[in-house]
Amino acid sequence: MKHLRIARTGLGPVRLYSRLSGVAAGLVLAAAPFSYAHAAPAKGKARAVAAAPAPAARVSVADFYRARQGAPLWLNKASGDAAQQLFLMLSNARLDGLDPQNYRVTALQDALAKAWNGDRQAVLRADQMLSEAFVAYVRDLRRDPGGIIYVDPELKPAAPSPFTLLAQAATSPDLPGFIRSMKWMNPTYAELRQALMRHNYASAHERQLLMVNLERARALPADKRRYIVVNIAAQRLTMFEDGKPVDSMRVVIGQTKYPTPMMSGLIRYAVLNPYWNSPADLTAERVAPSVLREGTKFLDKKGYQVLSGWSENAVVVDPATVDWKAVAEGRTEIRVRQLPGPENAMGRVKFMFPNEQGIWLHDTPDKQLLNEAARLYSGGCVRLEDAPRLGEWLFGRRLEPNGEAAEQPIALSTPVPVYLTYLTAIPEGASIAYFKDVYGHDKAKLAGASGDRLAAR
């Protein structure tokens with residue numbers, strides 16, 4: 001880790017807000033209900049609901065309908081009120097920070113009203129307009145919210161192809177439910193949006209917080225593979241399988257002056273018996289003054305070595321040859337490395353998603369810090385409450401070092417995504433849990449939004 005800090009900071013506990021009487025709200029469709037039970041497709045096509053398998057060249061909305069021989073997706077007996085649900089969602093796109101007119105909702109409403117008479121061409125036209133609007137809407141939702149470091153570019157949010165997206169909808173056993181639960185997004189996004197839709201907030205400020213966190217939630221995964229989410233604001237790590245949380249633990253995050261960044265990467269391997277390399281500034285602030293007071297026995301007590309440099313070929317040097325006063329004054333920089341052992345700041349294991357920021361997940365000998373309500377003590381890395389438990393979940397077995405040798409890497413057969421996010425408002429059952437804005441990201445975001453509104457006047 002490039003900057004490890006251990007000074008303590010204090011923050012208040014989390015508070016929880018519960019709304020038990022949320023009322024569903026949103027735009028009301030002006031047109032009559034769209035059942036279309038009587039708007040049957042041409043003979044022989046009534047049951048063509050699911051899309052055919054898509055060759056690589058099939059990517060467009062038109063390709064999707066050609067594969068279905070023109071059969072409607074949204075406006076048939078099997079689809080229930082899916083058309084209503086989709087139109088309502090598009091009409092309320094401002095909840096997502098989007099303009100409903102980008103999805104032609106006025107033209108859509110007219111087209112759906114004309115389709116009500118059962119004319120096949122009107123039904124097909126309205127159905128395809130719904131699909132085109134749906135594809136455009138999902139494309140906009142799955143954009144990068146910004147402010148996130150993508151260590152592995154494949155973790156950057158991206159919409160599936162129109163064909164793939166519509167095929168997912170067509171093969172869903174419950175198309176209205178597919179729309180309501182926003183299966184193309186992470187569940188956290190869908191639940192935050194639903195809280196906004198139902199006015200599940202107590203003030204205009206809480207509504208703003210929901211909007212800010214909804215934007216951040218765009219970067220969370222929508223697929224079913226295993227992944228890890230570290231919510232920096234909540235100071236908690238959660239493991240997910242099949243889109244559902246299966247375990248969680250407390251974590252220690254970076255101090256306010258060394259904040260843990262929002263970032264996404266693939267955990268590729270673990271390192272047992274890791275070294276810890278002291279950052280040069282911490283060596284000047286903490287190590288050198290201790291050596292000046294106690295002599296080089298301080299280094300022996302803490303398991304520190306002095307090395308000739310930062311290259312892989314660096315060698316251990318005699319600490320008596322170092323001008324420790326110059327180090328303490330910042331006139332000389334040296335490399336100090338801590339050997340594996342009970343005092344090691346990395347603990348017994350670290351989990352690596354290699355990145356230029358020097359951020360990873362790791363064990364810690366300072367377990368008492370995990371009992372604090374506010375756990376902002378690190379220099380940016382994430383210290384784990386139970387690193388062995390996370391290792392067992394990742395690897396399917398207990399990780400044990402092969403002897404006392406340092407830096408023993410163990411590769412993951414399948415890399416696991418980790419998402420370091422910053423959610424100060426998250427769904428918790430029928431409630432919304434709010435967390436302190438420990439790094440001031442919300443404050444800066446809301447101040448910027450206010451400035452944008454003033455500039456637009």
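The values are calculated or read from the model by the stated rules, or taken from the named source; none is laboratory data. If you're wondering where the values come from, they're calculated on a predicted model, not measured in any experiment. Ideal geometry is used to build each Cβ from the backbone, glycine not excepted, and the neighbour counts take in all protein chains shown.
Structure notes:
- Of all residues in segment 57-91 being of a type in the set (S, T, N, Q) and crowded, with 23+ Cβ neighbours inside 10 Å, the one that is farthest from residue 111 (Cα to Cα): 79
- The one condition from (1) surrounded by fewer than 21 Cβ atoms within 10 Å (Cβ to Cβ); (2) in contact (Cβ under 8 Å) with a residue 24 or more places away in the chain; (3) not aliphatic (A, V, I, L, M) that residue 186 does not meet is (1).
- Summed over segment 402-429, the residues that are assigned to a loop (DSSP other than H, G, I, E, B), of a type in the set (A, V, I, L, M, F, W, C) and surrounded by 13 or more Cβ atoms within 10 Å (Cβ to Cβ) give a count of 2.
- Annotation: residue 216 fulfils all but one of (1) modelled with pLDDT under 95; (2) under 17 Å from residue 148 (Cα atoms); the unmet one is (1).
- In segment 92-111, residue surrounded by the fewest Cβ atoms within 10 Å (Cβ to Cβ) [restricted to those that are within 16 Å of residue 140 (Cα to Cα) and small (Gly, Ala, Ser)]: 97
- So residue 332, is it surrounded by 14 or more Cβ atoms within 10 Å (Cβ to Cβ), part of a loop (DSSP other than H, G, I, E, B) and out of contact with any Leu (no Cβ under 8 Å at 6 or more places or on another chain): yes
- Counting only residues that are outside any loop (DSSP other than H, G, I, E, B) and closer than 19 Å to residue 208 by Cα, segment 87-99 holds 4 of them.
- Out of 136, 217, sole residue that is under 21 Å from residue 261 (Cβ atoms), small (Gly, Ala, Ser) and part of a helix (DSSP H, G or I): 217
- Hits in segment 349-362 (condition: charged (D, E, K, R) and at pLDDT below 95): 356
- Pairs with Cβ under 7 Å, 6+ apart, first in segment 376-394 and surrounded by fewer than 20 Cβ atoms within 10 Å (Cβ to Cβ), second in a loop (DSSP other than H, G, I, E, B) and among the basic types (Lys, Arg): 388/398; 392/398
- The residue that is nearest to residue 186 (Cα to Cα), counting only those in segment 125-135 that are surrounded by 19 or more Cβ atoms within 10 Å (Cβ to Cβ) and not β-branched (Val, Ile, Thr), is 134.
- Selection within segment 220-239 - assigned to a loop (DSSP other than H, G, I, E, B) and surrounded by fewer than 22 Cβ atoms within 10 Å (Cβ to Cβ): 220, 221, 222, 223, 224, 225, 226
- Inter-residue pairs, beta-carbon under 7 Å, first surrounded by 13 or more Cβ atoms within 10 Å (Cβ to Cβ) and in segment 289-302, second not in a helix (DSSP H, G or I), 6+ apart: 302/338; 302/343
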